[in-house]
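Have a look at the structure below, then the notes.
The values are calculated or read from the model by the stated rules, or taken from the named source; none is laboratory data. What you see is a predicted model, and the numbers here were worked out from it, not measured in a lab. Glycine gets a Cβ as well: all are built from the backbone with ideal geometry, and neighbour counts include every protein chain shown.
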Amino acid sequence: MLGRITDRARTIAIVCNQWGDTGKGKFSDFFAANWADVIARGTGGNNAGHTVVIDGIRRIFHLIPAGIAYDKKTNILGNGMVIDLEVLCSELDDLDKAKIPYYNLMISEDANVIMPYHIERDRSKNTCMANGGIGSTGRGIGPAYSDKVARIGILMRDLYEPRAVADKLEKIKEYYPSQQIDTDMIMAGLRPFADRVRPYVKDTIREVQRFRQSGKRILLEGAQGLLLSIEYGTYPYVTSSDCSLNGTASGVGLSAKDVDICLGIVKFPFMTRVGSGPFPTELGGRVSEEYCAKGVEHDIRHELEKFDVPFTEAGGRIKYDHCHANILGLMNSADEFDQGVGIRLAAEEYGATTGRPRRTGWTDLVALKYAVGINGPDIILTKTDAVQGMDRFRLGIGYDNHSGFTRDSGKLYACGPVYREFAGFDGDIAQVSDYCSLPGNLLSAIGFLEGYTGANVRIVSVGPDQNETLIKP
Ligand code: IMP
């Protein structure tokens, strides 16, 4: 089924070409199940999240790659990651409960550890959105990477050298004199987690090289998205790692040129952003940004209740009809803010990690063209089914006061969108079984995207399930 996409490929990367949350999990899972021997993640930490369905039970993993559900596959947490040991151990508990063995798990000895004082610093006024910060996930990601670059980070391998940790903690106290750091308490807190993961801590850079040399198929699982990359994103509204193909490869000890095919995931024809930062095609503009900044105050339950969409709750999960007439009414409203809410409800765009409502807008082809220039032309379109039933949809094809994309957040904030409008499509496209049978106006919008951005659409995803995946012939 993967046919031409995986032909002769030995290393494949799955990354996101937007601001994250594009459905990488579905495709990591897809390639892990059908193709890869080794699944490796190289960037970020538990700011990411993907859902894995194991024996019909949905489990959200923030650190462990998608391949863990499949027997005999090696799963690697790479050198470029930052690891919260408590979160990692709770994911191991989940695997134990599901009776999933993880003897093939490897954790890079070079990965940095997220320490309690990183989380504290992240939740302080510097990054917290309520205090005018960028709206981080509050998981300690930025401070852990800051300490890595300042060469005072605690690495996984340090955990087994108490002297090394104690020395680094002394330096950290000098760096951050106002922060209360109790060395004994920290060491005692880390100990049980460090002991538990010790058998899996390895020189994964060497292991990855070995896997390559022995011809194993390696899947690189990206995190976040190119527009959130510290190198290529809308700085300072970015995460702290390079989540482009380049960073994803170097984060596991490879070079981007070792990657045979990089698949960039793209939500189409709408896209989302979480946290603050410019988003020229956002439906409802700054009003939507401020509304979503209220976080869980405007979570899924709030929006379903507000717009009278019936729902049920089972096992902590909310269920509702995503095509409910009230949702469709919002999507076809003349008011852009309401349209954005409608798309959020139709596509269930609420953070897997934080529960925050995601900001919604039309797919910005200017930004996509930029992303494709860095991550390469091959892309996968996702969530397209969410807008079925809309009278029309739009694609961003320019900005009113800037030519081309700009990483300069001030300038991007000042940009209004220029759109091209397309007629909507009816019917349940999740039922379509081959790419060429997609509605004609959807295919022509995809053709337009390819012409505009230089991308090559390889797959269109029309639903969350693996069989709702259409491969372009
Ligand atoms: P941090 O990664 O927690 O430092 O957050 C920095 C920015 O990246 C914030 O705007 C977050 O909302 C955003 N961010 C981090 N991880 C994700 C993700 O997995 N999906 C979408 N946005 C993310």
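Pairing residues of region 430-446 that are touching a residue at least 12 places away in the same chain (Cβ under 8 Å) and among the small types (Gly, Ala, Ser) with residues that are assigned to a helix (DSSP H, G or I) and surrounded by 14 or more Cβ atoms within 10 Å (Cβ to Cβ), at Cβ distances under 7 Å and at least 6 apart in sequence or on separate chains, gives ALA430/ASP385.
Residues are listed down the side, and each one gets a yes or a no for (1) of a type in the set (S, T, N, Q); (2) modelled with pLDDT of 95 or more; (3) over 18 Å from ASP378 (Cα atoms); (4) in a helix (DSSP H, G or I):
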{"site": "GLU174", "(1), (2), (3), (4)": "no, no, yes, yes"}
{"site": "GLN179", "(1), (2), (3), (4)": "yes, no, yes, no"}
{"site": "ARG196", "(1), (2), (3), (4)": "no, yes, yes, yes"}
{"site": "GLU207", "(1), (2), (3), (4)": "no, yes, yes, yes"}
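Applying the set (1) at pLDDT below 95; (2) among the hydroxyl-bearing types (Ser, Thr, Tyr); (3) closer than 23 Å to ARG286 by Cβ to SER433 leaves exactly one unmet item: (3).
Listed here are the residues, each with its yes/no results for (1) within 16 Å of the ligand (Cβ to nearest atom); (2) crowded, with 24+ Cβ neighbours inside 10 Å; (3) modelled with pLDDT of 95 or more.
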position: ARG212; (1), (2), (3): no, no, yes
position: LYS216; (1), (2), (3): no, no, yes
position: LEU219; (1), (2), (3): no, yes, yes
position: ALA223; (1), (2), (3): yes, yes, yes
position: LEU227; (1), (2), (3): yes, yes, yes
position: THR239; (1), (2), (3): yes, yes, yes
position: CYS243; (1), (2), (3): yes, yes, yes
position: THR248; (1), (2), (3): yes, yes, yes
position: GLY251; (1), (2), (3): yes, yes, yes
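Annotation: ASP203 fulfils all but one of (1) among the acidic types (Asp, Glu); (2) more than 15 Å from the ligand (Cβ to nearest atom); (3) touching a helix residue (DSSP H, G or I) at 6+ places or on another chain (Cβ under 7 Å); the unmet one is (3). Residues in region 2-23 that are within 12 Å of CYS262 (Cα to Cα), outside any loop (DSSP other than H, G, I, E, B) and not aliphatic (A, V, I, L, M): THR6, THR11, CYS16. Whether a residue is closer than 23 Å to HIS50 by Cα and out of contact with any Ser or Thr (no Cβ under 8 Å at 6 or more places or on another chain) was assessed, and HIS324 does not pass this test.
Pairing residues of region 351-370 that are more than 15 Å from GLY447 (Cα to Cα) with residues that are part of a strand (DSSP E or B) and of a type in the set (S, T, N, Q), at Cβ distances under 9 Å and at least 6 apart in sequence or on separate chains, gives ALA352/THR51; ARG358/THR272; ARG359/THR272; THR360/THR272; GLY361/THR272.
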